[in-house]
Amino acid sequence: MVRPVAVGIDGSAASLAAAAWAAREAVLRRTGLALVSAWSGPGATSPGAPGEAARRRWASRSLSLAYDRIRGRHPALEVSREEREGPPVDVLLAAGERAQLLVLGSRGLGGRATPVLGSTGLRTAARARFPVALLPPETAAVPDPARPVLLALDVRDPADDVIAFAFEESARRGVELHARYAWKPSLLPVSYPASPQPRRLGLAARRETARLSAALRPWRDKWPRVRVVEDARMDTGPAGVAAGSGNACLTVLGHRTRAHGGLLVGPVTRTVLQLAESAVALVPHT
């Protein structure tokens, strides 16, 4: 059985936008869509919060609204509804384990929002052992079909699962894959003559470009129909990757899973998520 695409629903505008994006992903992947909503049981909320019955009604209504919208736009798409009692993070993680991709909106999902991502989304992404797509507020449900997939790659530790995901997404969409590697130049001692600096930087740039090419070569051979644009540049930090996401239909980042099941994503990933202008896929690797 082909696993569906799953999306978290909480009734917010962001989760409805995520559902629209997830529906398009399901169509691309020729699979179904699972709409997932969580409601907390007795004693799971703070004083003054809506009662259990009200929370359950809201979850049910949110699912119905999302379901009706998706069915109206994609009548041939198989759409299921999953309403679960429990903490949102646990419910989403369980749904993601049964799906090929979990999609989350930028706000809501049971927690206070950062500029781009709700706290529940961050905690879910940090603990996920499967790909999670996170959508900034202005992500279009139907992105420009000509925009490439952007892969942020560290050639010092290239993760096969991350690279494979990026190539698969480029092939599925029929678009270019832009592979970006940001390298850090080694600094010369202050006492060293200034004139050799440009030459050394030029040599370093050629070396790092060659390292990027070497890391991608086996994947180019495996996916010969995917056109790859290599971009090795001096380190511009997470902002450089985020800026590139504005010209991409999807940005792919590796997310290192931790044995202790860390509760937060790393600082670089978090910054990219806060600044990204397109959907970001976090792909776990060890």
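Within region 74-103, which residues are surrounded by 16 or more Cβ atoms within 10 Å (Cβ to Cβ) and acidic (Asp, Glu)?
Glu82, Glu83
Is at least one residue of region 117-127 within 15 Å of Gly8 (Cα to Cα), modelled with pLDDT under 85 and outside any helix (DSSP H, G or I)?
yes
Any residue in region 49-59 that is buried (at least 17 other Cβ atoms within 10 Å of the Cβ), modelled with pLDDT of 80 or more and in contact with an Asp or Glu (Cβ under 7 Å, 6 or more places away or on another chain)?
yes
Scan region 58-106 residue by residue and report those that are touching a strand residue (DSSP E or B) at 6+ places or on another chain (Cβ under 9 Å) and of a type in the set (D, E, K, R). Steps first, please.
Step one: list which residues in region 58-106 are touching a strand residue (DSSP E or B) at 6+ places or on another chain (Cβ under 9 Å), which gives 58-60, 62-64, 66-67, 70-71, 74, 77-96, 98-106.
If the condition is that a residue be touching a strand residue (DSSP E or B) at 6+ places or on another chain (Cβ under 9 Å) and of a type in the set (D, E, K, R), then Arg71, Glu78, Arg81, Glu82, Glu83, Arg84, Glu85, Asp90, Arg98 are the ones that fit.
Taking the conditions exactly as written (at pLDDT 95 or above and buried (at least 19 other Cβ atoms within 10 Å of the Cβ)), does Leu216 satisfy them or not?
Yes.
Just to check your reading of the model, which residue among Ala94, Ala99, Ala26, Ala34 is in a helix (DSSP H, G or I), closer than 24 Å to Arg172 by Cβ and at pLDDT 95 or above?
Ala26
The values are calculated or read from the model by the stated rules, or taken from the named source; none is laboratory data. Computed from a predicted model, the values in this text were never measured in an experiment. Don't worry about glycine lacking a Cβ; one is built from the backbone with ideal geometry, like all the others, and counts go over all protein chains shown.
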